[in-house]
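Asks: Quick one: the structure is below, and I'll ask about it shortly.
The values are calculated or read from the model by the stated rules, or taken from the named source; none is laboratory data. All values derive from a computational prediction rather than experimental measurement. Don't worry about glycine lacking a Cβ; one is built from the backbone with ideal geometry, like all the others, and counts go over all protein chains shown.
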Amino acid sequence: MRYLCYLDPQSGQAVYGWAEGGKAGPIDGLLLGPHRRLPASLPVDSLRLRAPIAPSKIVCVARNYAAHAREQQASVPEVPMLFLKPPSSLLASGEEIELPPQSEQIEHEAELAVVIGRRARWISPDQARDYIFGYTAANDVTARDLQQRDGQWTRAKGFDTFCPLGPWIETELDPADLRILCRVNGQVRQLASTQDMIFSVPNLLAYISSIMSLYPGDVILTGTPAGVGRLQVGDQVEIEVQGIGVLRNRVAAAVSP
């Protein structure tokens, strides 16, 4: 099942809904709790989408593909390397990634994102599936020059618009072998499978939940494959994850005060 968030054409308010066969409709109840699906009559292509979930935190995994570690001239980690992106970095499909004036090297990173369905703490890999609501596509936009300059990644990863997420959440998906690709202006830059991950989705959930509680709606970005590259103003970026869909964003210059 696909769940999404969109602006209601009549009220202009953001509502959670569901989609099937190119049509969408609202849900009555809680996205991550009891709800019923109301009739789907709105063409999905006509809707203005919002980020499909509002997490309390976005937990990200670095160097989870060996080829990406090599292209960054970095070692492959023995345990998952974690960092956080702020919820203020979220961006919906169709909205603009803003390039901040503080950086001269902004890059894309195509990723599979996991959406948590219920509180998880100290779970085992075998239990992970019971705590996952679904999956979506993400772009871990990164100011590479600031990442290298700062030595820690909060600034480089945390600008507004630096976490495009969407276009929706797919709940019926096996994350073990999904194709992930990134296109910029129609040209493929990243192409890999989730089977190339160093740490699988179940192992990531087990590891992260041994450190912090994961709450319903929290998002885990599972790492990017090789092929990351620079973004320029005017670029059209597409992150496609097999079985989910395409996350599309245009690149613009940030408007400073």
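Asks: Go through (1) of a type in the set (G, A, S); (2) more than 23 Å from E95 (Cβ to Cβ); (3) assigned to a strand (DSSP E or B) for G17 and report which single condition fails.
Replies: Unmet condition: (2).
Asks: Looking only at the stretch 63-100, which residues are closer than 17 Å to Q147 by Cβ, touching a residue at least 60 places away in the same chain (Cβ under 8 Å), in contact with a strand residue (DSSP E or B) (Cβ under 8 Å, 6 or more places away or on another chain) and not aromatic (F, W, Y)?
Replies: R63, N64, P77, L82, L84, K85, P86, S89, I97, L99, P100
Asks: Still on this structure, I have one more. Criterion first (farther than 14 Å from L214 by Cα, in contact with a helix residue (DSSP H, G or I) (Cβ under 9 Å, 6 or more places away or on another chain) and either in a strand (DSSP E or B) or not assigned by TED's automatic domain parsing to the domain that holds R248 (or both)) does A24 satisfy it? Before you say what the answer is, go through the steps one by one.
Replies: Working: farther than 14 Å from L214 by Cα: yes; in contact with a helix residue (DSSP H, G or I) (Cβ under 9 Å, 6 or more places away or on another chain): yes; either in a strand (DSSP E or B) or not assigned by TED's automatic domain parsing to the domain that holds R248 (or both): yes.
For A24, the condition - farther than 14 Å from L214 by Cα, in contact with a helix residue (DSSP H, G or I) (Cβ under 9 Å, 6 or more places away or on another chain) and either in a strand (DSSP E or B) or not assigned by TED's automatic domain parsing to the domain that holds R248 (or both) - is met.
Asks: May I pose another question? Take the residues of the stretch 139-159 that are among the charged types (D, E, K, R) and closer than 15 Å to R63 by Cβ: which is surrounded by the most Cβ atoms within 10 Å (Cβ to Cβ)? Give the steps one after another, and end with the answer.
Replies: At the first step, the residues of the stretch 139-159 found to be among the charged types (D, E, K, R) are 140, 144-145, 149-150, 155, 157.
Restricting the remaining residues to those that are closer than 15 Å to R63 by Cβ gives 140, 144, 157.
Details: D140: 27, R144: 18, K157: 25.
In this case the residue turns out to be D140.
Asks: Does the stretch 39-58 include one or more residues that are more than 18 Å from the chain's Cα centre (by Cα) and part of a strand (DSSP E or B)?
Replies: Yes, that holds for at least one residue.
Asks: Okay, moving on. When you go through (1) touching an Asp or Glu at 6+ places or on another chain (Cβ under 8 Å); (2) closer than 24 Å to A252 by Cα; (3) part of a strand (DSSP E or B) one by one for I97, which number turns out not to apply?
Replies: (1)
Asks: A further question on this structure: Hey, any hits in the stretch 69-78 for a residue that's under 26 Å from R179 (Cβ atoms) and under 15 Å from the mean Cα position of the chain (by Cα)?
Replies: Checking the stretch 69-78: not a single residue is under 26 Å from R179 (Cβ atoms) and under 15 Å from the mean Cα position of the chain (by Cα).
Asks: Among the candidates R2, R37, R48, R63, which residue alone is under 30 Å from V255 (Cα atoms) and of a type in the set (K, R)?
Replies: Working: R2 fails: under 30 Å from V255 (Cα atoms); R37 fails: under 30 Å from V255 (Cα atoms); R63 fails: under 30 Å from V255 (Cα atoms).
When all the criteria are applied, what remains is R48.
Asks: Out of the residues in the stretch 61-119 that are hydroxyl-bearing (S, T, Y) and surrounded by fewer than 14 Cβ atoms within 10 Å (Cβ to Cβ), state the one that is farthest from S193 (Cα to Cα). Explain how you work it out, then say what you get.
Replies: Step one: list which residues in the stretch 61-119 are hydroxyl-bearing (S, T, Y), which gives 65, 75, 88-89, 93, 103.
Within this subset, residues satisfying the condition of being surrounded by fewer than 14 Cβ atoms within 10 Å (Cβ to Cβ) are 75, 88.
Working: S75: 20, S88: 29 Å.
Restricting to residues being hydroxyl-bearing (S, T, Y) and surrounded by fewer than 14 Cβ atoms within 10 Å (Cβ to Cβ), the top hit is S88.
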